[in-house]
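The values are calculated or read from the model by the stated rules, or taken from the named source; none is laboratory data. A quick note: this is a predicted structure, and the numbers were derived from the prediction, not measured. Here the Cβ is made from the backbone with ideal geometry for all residues, glycine too, and neighbour counts use every protein chain on show.
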Amino acid sequence: MIRPKLFTLIFITVLLLFPVFSYAEIDGPPVTKLDNHSMRPNNRVMGIHIGETVEEIASDTFRNQINLKYIEVSEDNPYFTSFSYCLYDKEMTTLICFPQALDKAEIPESVTKINQYALYGVRPEISEQVKEIIKNNAVKQGSEYEYLRYYTFPYNQKWPYTCEYPLTN
């Protein structure tokens with residue numbers, strides 16, 4: 001029979017060690033492109049860090065990440081940046097992704113464009129507020145609000161893959 005104090009000590013030790021075992025790194029070549037096959041629908045993903053080697057992101061990469069609350073980008077990434085947990089192009093003129101589970105965020109005044117899937121899955125009232133802010137930013141800057149229908153960022157590059165992958169659960 002285990003004494004209560006010993007049991008408590010073992011239980012606390014297991015709880016403290018659990019995070020060590022639940023974290024994993026994948027060793028391999030650096031990722032340079034992200035698309036919707038890079039991020040399968042996963043209800044457990046709450047945050048994403050985009051490294052410095054990522055050069056292209058397909059517009060629908062984050063479409064089905066329903067619990068996504070934040071996106072961070074490495075400061076050394078020359079193509080993308082994050083601000084207030086949202087994903088933007090490096091110049092912060094285009095909103096690429098507003099995470100679906102994010103309740104509020106500050107939208108920079110420089111943002112006048114929005115990606116076609118940037119607000120996919122975001123609650124309608126939040127989505128409308130974000131669109132209105134971006135439209136007002138465009139008016140203040142004397143430019144036109146743009147709703148972009150590109151398949152990848154940066155815009156001058158086409159996503160090279162045309163193959164389809166079978167969906168799995």
Residue count, the range 98-118 (criterion: of a type outside the set (S, T, N, Q) and surrounded by 20 or more Cβ atoms within 10 Å (Cβ to Cβ)): 7
Lone qualifier among 118, 138 - being touching a Ser or Thr at 6+ places or on another chain (Cβ under 7 Å) and of a type in the set (Gly, Ala, Ser): 138
message: Of the residues 95, 68, only one is more than 23 Å from residue 29 (Cα to Cα), touching a helix residue (DSSP H, G or I) at 6+ places or on another chain (Cβ under 9 Å), surrounded by 15 or more Cβ atoms within 10 Å (Cβ to Cβ) and not acidic (Asp, Glu); which?
response: 95
- request: Write out, first by first residue and then by second, each pair whose Cβ atoms fall under 6 Å of each other, whose residues are 6+ apart or on separate chains, and whose first residue, in the range 22-36, is modelled with pLDDT of 50 or more while the second is not in a loop (DSSP other than H, G, I, E, B).
  value: 33/56; 34/57; 35/58
statement: Those residues of the range 108-118 which are of a type outside the set (Ser, Thr, Tyr) and within 15 Å of residue 147 (Cβ to Cβ) amount to 111, 113, 114, 115, 116, 118
message: So, in the range 50-107, how many residues would count as being of a type in the set (Ser, Thr, Tyr), under 21 Å from residue 145 (Cβ atoms) and either part of a strand (DSSP E or B) or within 9 Å of the chain's Cα centre (by Cα) (or both)?
response: 3
- prompt: Does residue 10 satisfy the criteria of being crowded, with 19+ Cβ neighbours inside 10 Å, at pLDDT below 95, not acidic (Asp, Glu) and not in a loop (DSSP other than H, G, I, E, B)?
  reply: no
field: Set 57, 114, 126, 107: member being touching an Asp or Glu at 6+ places or on another chain (Cβ under 9 Å) and either of a type in the set (D, E, K, R) or at pLDDT 95 or above (or both)
entry: 126
query: Taking the stated definitions as given, is residue 105 more than 12 Å from residue 62 (Cα to Cα), small (Gly, Ala, Ser) and out of contact with any helix residue (DSSP H, G or I) (no Cβ under 7 Å at 6 or more places or on another chain)?
result: yes
